[in-house]
Structures are given as structure tokens and as C-alpha cells.
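What follows is a set of notes on a single structure, which appears directly below.
The values are calculated or read from the model by the stated rules, or taken from the named source; none is laboratory data. As the structure is a prediction and not an experimental result, all values here were calculated from the model. As a convention, Cβ positions derive from the backbone with ideal geometry for all residues, glycine included, and neighbour counts pool all protein chains shown.
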Amino acid sequence: MEEHAVLVTQEGLTKLETELEHLKTVRRPEVAERIRLSKELTSTQNNAEFDDAKNEQAFVEGRILTLEEMITDATIIDEEHAHRASRVEVGSNVTVSEGKGKKPKEFHIVGSAEAAPAEGRISNESPVGIALLGKRVGAEVQVNVPKGILRYTITKIS
């Protein structure tokens with residue numbers, strides 16, 4: 001499998017590690033107990049509870065493997081440097097304007113593992129993230145999104 005650096009903030013890495021620990025110490029034993037109980041109640045043939053528990057076990061084990069790989073491949077974003085940079089980079093907070101009369105938007109550029117667009121945390125691999133990376137205050141960017149073309153002017157980088 002090809003190695004792919006996972007860009008995360010220190011806070012993001014801590015969240016991944018916390019989720020992994022929870023899955024290993026809480027969820028995995030809970031699912032194992034569900035499987036055990038469903039086996040005791042009836043045979044495993046045509047047992048919806050058993051099938052559901054096995055599916056949940058597969059999900060939990062898959063997520064554990066994914067998190068372990070992400071943590072192993074994690075590269076910590078130097079947010080302190082990004083906040084001092086004159087160009088947008090991963091870790092930067094960027095304020096953009098869409099035009100007169102519209103409220104400015106703020107984005108925090110993060111790695112894809114931490115992206116949460118509703119919270120303003122956009123991935124460096126997203127169309128908006130790609131368009132903003134490397135740009136300076138005053139730069140105008142256009143982004144093709146499913147709704148059409150977004151036009152932003154960068155007003156602040158911190």
C-alpha cells in the first residue's frame with residue numbers, strides 16, 4: 001500500500017488517538033459481548049442480532065485499522081508557522097470576502113482527516129482549499145463547485 005502523509009494539527013492527532021483508544025477499550029469489548037450474547041440466545045443461522053453485531057464488529061475493526069494507519073502516517077501541521085506566513089498554507093486561518101454586502105467567511109485550512117466544512121475547517125485537498133493555498137492577501141480566487149463558481153478575495157491570513 002502506498003504511504004500517504006496524513007496532515008493533522010496536534011489537536012487533531014489527539015482526537016484520533018482518543019477515538020482509537022475508545023474503540024479498543026470500550027467499543028470492541030461491547031461488540032464482542034453482543035456477539036457472545038446473541039450466540040447464546042439462538043443459533044447463528046437466521047439470527048438478525050448476531051448478523052448486526054458481526055457487521056458492527058467489522059466496522060469497529062476497520063475503523064481501528066484506519067485510525068492506526070492515520071496515526072502512523074501523521075505529519076503534524078506547524079500551525080505557529082502557518083499563522084505567521086504571508087501566503088496561505090495548511091494550518092492558516094483565512095478570511096475571504098465574496099463581495100460588497102456579504103459577510104466575510106473564515107476558513108481554517110487543515111488536512112483531510114480533520115475537515116469539517118460546517119465548522120469552517122476545510123481540507124487542503126478540497127476545491128476551496130486548493131484554490132486558496134499559496135495565495136496572499138488581496139488575491140482573488142475562483143472555485144468551481146457543484147453550485148457554480150465561487151469568487152473570493154483574501155482579506156486576511158493568520
List the residue pairs whose Cβ atoms are under 8 Å apart, where the first residue sits in the range 121-143 and is at positive phi and of a type outside the set (S, T, N, Q), the second is in a loop (DSSP other than H, G, I, E, B) and crowded, with 16+ Cβ neighbours inside 10 Å, and the two are 6 or more positions apart or on different chains. G134/V88; G134/E89
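Would you confirm, using the coordinates I've provided, whether G129 is assigned to a helix (DSSP H, G or I), closer than 15 Å to V94 by Cα and not hydrophobic (A, V, I, L, M, F, W, C)? Working first, answer last.
On the way: assigned to a helix (DSSP H, G or I): yes; closer than 15 Å to V94 by Cα: yes; not hydrophobic (A, V, I, L, M, F, W, C): yes.
Answer is yes for this residue.
Conditions (1) at pLDDT below 90; (2) surrounded by fewer than 13 Cβ atoms within 10 Å (Cβ to Cβ); (3) of a type outside the set (G, A, S), marked per residue:
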{"position": "F50", "(1), (2), (3)": "yes, no, yes"}
{"position": "K54", "(1), (2), (3)": "no, no, yes"}
{"position": "I64", "(1), (2), (3)": "no, no, yes"}
{"position": "S92", "(1), (2), (3)": "no, no, no"}
Looking for something among the charged types (D, E, K, R) and in contact with an Asp or Glu (Cβ under 8 Å, 6 or more places away or on another chain) - is there at least one such residue anywhere in the range 34-41? yes
In the range 102-158, which residues are polar (S, T, N, Q) and in contact with a Phe, Trp or Tyr (Cβ under 9 Å, 6 or more places away or on another chain)? Q142
Which residues, taken from the range 132-158, are part of a strand (DSSP E or B) and among the charged types (D, E, K, R)? R136, E140, R151, K156
Looking only at the range 96-131, count every residue that is touching a Leu at 6+ places or on another chain (Cβ under 9 Å) and hydrophobic (A, V, I, L, M, F, W, C) and tell me the total. 8
Within the range 23-81, can you find the residues that are within 30 Å of H108 (Cβ to Cβ) and polar (S, T, N, Q)? T66, T72, T75
Could you say which residue among A74, A85 is modelled with pLDDT under 90, surrounded by 13 or more Cβ atoms within 10 Å (Cβ to Cβ) and under 30 Å from A131 (Cα atoms)? A85
For V137, are the conditions met, namely being surrounded by fewer than 19 Cβ atoms within 10 Å (Cβ to Cβ), outside the structural domain of E11 (by TED's automatic domain parsing), over 22 Å from A5 (Cα atoms) and not charged (D, E, K, R)? yes
